[in-house]
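What follows is a single structure, written as structure tokens, with notes after it.
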């Protein structure tokens, strides 16, 4: 059954990623034409660092030294970026930051009734996080960005660890780490006040622990830790249910154990994720901070599906659908029923060709930007005097080029049967990608929404290459005693 499922996923992704690749390439050409002035300093710096890195790998430098150097390099890149721009909280981030000040004053009404954070209570924890930083730090904005830098750097190290376990190769692992270190999306977002900066690190750590158990390197009790870590990440970006479902699918199809063992594994990962979420949600309600559960507010989730079905806005936020809640005076059930009726009409009363075209455009546009909107949100509302390095003007071509290369390699990897058939662990990444692709196909779409799993392309790009002869044996002999 695992081979059949792998082939099914593979065939679907060959079509979907081909469409995405075309759009990503088109975006690169648009940026190439639009931005005539290219920053040669960026090209020179990364050409030198990449050349030095490749030479180090080829000459077989000490792996531990290379990993430490990689972490320092990743940290400095991110630190220099956040120090080069006086970024401000914007959009949803601005709202969360401003509400954190009200929370510190004891004004909990913002989480109740039909207020914004009662309608969308999944944003509660980021507000409390900002409030905590505001409480302990005299310079909260700087502190938040520094935490982003540290968290993102830790994420680079975890990507290295994941690469090591997925490909059974130190060389591939260090290459995964380097690409993760220079990955434009994770660098650019450190200058924003986006809670995904924290969430991604927990998502990655959870995945790493999950992989260790699936490879029989750790006992099933580590699935409890994996679920708990994912729960923490979910508090900062509440879309981890997709990952949980991916875990369960992988356990059922690829975990080569008895049915009882699979059942125990599934229960461990599920309960360790759900129970803490229920506990935290009820504590917040008991303390009088929130009125609703963190996963279900005073506004139906169908309003997001409604926005996602709007063909005029290509499934993005639009004023027409946003007004629906007001037209029913915030009534949860009336709004939900109205949203369902409109969605059904939109999907059943249009020509099939138009519907297919809509889904293709919506899907591909969700994954088209190499920085997932990171540069835009970093530089938004910042005057020229507050920006030392203008990546919007001078860096978008390079950013899109890196992303295009990763997409090309990811697509080539789909034709490498040694990976998706003989290396089953790689399929967890494909399943996660499909899960989020489906989520954003159904719900409201924004470039930054898929940033939470932007790291998938860093891992999947290396499926285009096979390990060197003898690399697996060398890895297996050393990996048990050395985490690096």
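How many residues are within 20 Å of residue 454 (Cβ to Cβ) and in contact (Cβ under 8 Å) with a residue 40 or more places away in the chain if we restrict to region 218-231?
Counting residues in region 218-231 that are within 20 Å of residue 454 (Cβ to Cβ) and in contact (Cβ under 8 Å) with a residue 40 or more places away in the chain gives 1.
Can you give me the number of residues within region 298-339 that are part of a loop (DSSP other than H, G, I, E, B) and closer than 30 Å to residue 364 by Cα?
14
So which residues in region 96-119 are closer than 17 Å to residue 193 by Cβ and surrounded by 18 or more Cβ atoms within 10 Å (Cβ to Cβ)?
96, 97, 99, 100, 103, 117
Given the conditions (1) more than 19 Å from residue 191 (Cβ to Cβ); (2) modelled with pLDDT of 95 or more; (3) crowded, with 18+ Cβ neighbours inside 10 Å, and given that residue 14 satisfies all but one, which numbered condition is not satisfied?
Only one criterion in (1) more than 19 Å from residue 191 (Cβ to Cβ); (2) modelled with pLDDT of 95 or more; (3) crowded, with 18+ Cβ neighbours inside 10 Å is unmet by residue 14, namely (3).
Would you say residue 375 is modelled with pLDDT under 95 and either surrounded by fewer than 20 Cβ atoms within 10 Å (Cβ to Cβ) or not in a helix (DSSP H, G or I) (or both)?
So residue 375 does not fit the description; no.
Hey, can you tell me all the residues within region 217-257 that are under 17 Å from residue 427 (Cβ atoms), part of a helix (DSSP H, G or I) and over 21 Å from the mean Cα position of the chain (by Cα)?
251, 252, 253, 254
Within region 126-216, which helices (runs of 4 or more DSSP H) (wholly inside it) include 3 or more residues that are farther than 19 Å from residue 83 by Cα and either in contact (Cβ under 8 Å) with a residue 12 or more places away in the chain or within 20 Å of the chain's Cα centre (by Cα) (or both)?
140-167, 170-182, 196-214
Cβ contacts < 9 Å: first residue in contact (Cβ under 8 Å) with a residue 60 or more places away in the chain and at positive phi, restricted to region 373-385; second residue surrounded by fewer than 18 Cβ atoms within 10 Å (Cβ to Cβ) and not in a loop (DSSP other than H, G, I, E, B), any location; separation 6+ or different chain. Result?
Sorted first by the residue in region 373-385, then by its partner, the pairs are 381/94.
If residue 392 satisfies all but one of (1) within 29 Å of residue 312 (Cβ to Cβ); (2) modelled with pLDDT of 90 or more; (3) not in a loop (DSSP other than H, G, I, E, B), what's the number of the condition it fails?
In the conditions (1) within 29 Å of residue 312 (Cβ to Cβ); (2) modelled with pLDDT of 90 or more; (3) not in a loop (DSSP other than H, G, I, E, B), residue 392 misses (2) alone.
The values are calculated or read from the model by the stated rules, or taken from the named source; none is laboratory data. Because the structure is a prediction, the values reported are computed rather than measured. Note that we place each Cβ from the backbone using ideal geometry, even for glycine, and neighbour counts take in every protein chain shown.
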